[in-house]
Amino acid sequence: MTGRVQDKIALVTGGASGIGRAIVQALVGEGARVLIADINADAGRALADQLNEERGAAASFIQHDASSEAGWNEVAVAVRERYGRLDVLVNNAGILLKGSIEETSLDDWHKLLRVNSDSAFLGCRVGVALMKDSGGGSIINVSSIAALAGKDDYAGYCASKGAVAALNRAVAAHCRKQKYRIRCNSIHPDGVLTPMTVASYPPGIDPARFTIDSDPMNRMCLPEDVAAAALYLASDESRAINGIELRVDSGQFVMSI
Ligand SMILES: NC(=O)c1ccc[n+]([C@@H]2O[C@H](COP(=O)([O-])OP(=O)(O)OC[C@H]3O[C@@H](n4cnc5c(N)ncnc54)[C@H](O)[C@@H]3O)[C@@H](O)[C@H]2O)c1
């Protein structure tokens, strides 16, 4: 039996936790070999070890700051040395900082743009360079519903994820024009039950209470729901899908317009 991404080589940034971790598990579960990149070495190594125990040589880990240009150069070398090519890149690493336009400091603004937007820019640049050498691939940028809707309490986060969405369109258009056979799509989750969102809830409120499993009108989904979208975009099933913004929000966005 072959998997949906059998023998594809994938790189997932921020792959040690939350959505990235679920994407790594989904890709490995469908036959890919995955390079997990994360600043959190303990969690990233532990995940790679666990997957290798369960499935043979399915994963490896590299400690990587996704906002660092030098770090991306090291990742490109690691991909070439360990695997020889790249088929799937998931630019997922990101941070969340709260603040309206009146509350956000310039430091926080810069931090959000550095970790969320610079990382996608550097990742796409390296991804295109690697994939065009090996005949094409799929780049998946994890943006957010915050790129599409106004979230009053998250001015800097909205802007940083808006940059990812705009970049995604430009990369998709460029690769198509150059006939690289590289697709580039963005995913836009709303609330996902991960350490990031749990940390943003006030103490005493359990966000698990708001999942779509408990109430279909609620928008909080699970990391596996986003991973299912990423798996589709990584696989050849989506070979005609390019430059899209795929919302994973249980329809919250259409309810708000
Ligand atoms: N959780 C949500 O509700 C939600 C909604 C929309 C979009 N997103 C986006 O999904 C992505 C994953 O978020 P999550 O909820 O899984 O968060 P998370 O905090 O659970 O995981 C984020 C991972 O990224 C890593 N990371 C952080 N900064 C990094 C850096 N500079 N370099 C490399 N790795 C870094 C962390 O170590 C962690 O492993 C983020 O881009 C986030 O903005 C999340």
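Return the only residue of Ser134, Ser144 being closer than 17 Å to Leu86 by Cβ and either under 14 Å from the mean Cα position of the chain (by Cα) or of a type in the set (Ser, Thr, Tyr) (or both).
When all the criteria are applied, what remains is Ser134.
Only one residue in Leu233, Leu246 is assigned to a helix (DSSP H, G or I), touching a strand residue (DSSP E or B) at 6+ places or on another chain (Cβ under 6 Å) and buried (at least 18 other Cβ atoms within 10 Å of the Cβ), so which one is that?
Leu233
Based on what the data block shows, is Pro189 at negative phi and over 14 Å from the mean Cα position of the chain (by Cα)?
No.
When you look at Gly56, is it buried (at least 19 other Cβ atoms within 10 Å of the Cβ) and not hydrophobic (A, V, I, L, M, F, W, C), yes or no?
no
Among the residues that make up segment 31-44, is at least one of them within 8 Å of the ligand (Cβ to nearest atom), outside any loop (DSSP other than H, G, I, E, B), farther than 22 Å from Leu130 by Cβ and without any contact (Cβ under 8 Å) to a residue 40 or more places away in the chain?
Yes: one or more hits.
Taking segment 161-207, which residues are modelled with pLDDT of 90 or more and of a type in the set (Val, Ile, Thr)?
Result: Val164, Val171, Ile182, Ile187, Val192, Thr194.
It is to be established whether one or more residues within segment 209-219 are closer than 21 Å to Leu96 by Cα, more than 15 Å from the chain's Cα centre (by Cα) and of a type in the set (Val, Ile, Thr).
Checked segment 209-219: at least one residue is closer than 21 Å to Leu96 by Cα, more than 15 Å from the chain's Cα centre (by Cα) and of a type in the set (Val, Ile, Thr).
Could you check segment 201-223 and list, in sequence order, the residues that are surrounded by 15 or more Cβ atoms within 10 Å (Cβ to Cβ) and either under 21 Å from Ser143 (Cα atoms) or not aromatic (Phe, Trp, Tyr) (or both)?
If the condition is that a residue be surrounded by 15 or more Cβ atoms within 10 Å (Cβ to Cβ) and either under 21 Å from Ser143 (Cα atoms) or not aromatic (Phe, Trp, Tyr) (or both), then Pro207, Thr211, Ile212, Asn218, Arg219, Met220, Cys221, Leu222, Pro223 are the ones that fit.
Could you please find all residues in segment 81-103 being within 13 Å of the ligand (Cβ to nearest atom) and under 19 Å from His64 (Cβ atoms)?
As a first pass, look at segment 81-103 and keep what is within 13 Å of the ligand (Cβ to nearest atom): 90-98.
Once the filter is applied, which keeps residues that are within 13 Å of the ligand (Cβ to nearest atom) and under 19 Å from His64 (Cβ atoms), segment 81-103 yields Val90, Asn91, Asn92, Ala93, Gly94, Ile95.
For Arg21, are the conditions met, namely being near the ligand (Cβ under 10 Å from one of its atoms), touching a residue at least 24 places away in the same chain (Cβ under 8 Å) and part of a helix (DSSP H, G or I)?
Yes.
The values are calculated or read from the model by the stated rules, or taken from the named source; none is laboratory data. Because the structure is a prediction, the values reported are computed rather than measured. Here Cβ is always computed from backbone atoms with ideal geometry, including for glycine, and neighbour counts include all displayed protein chains.
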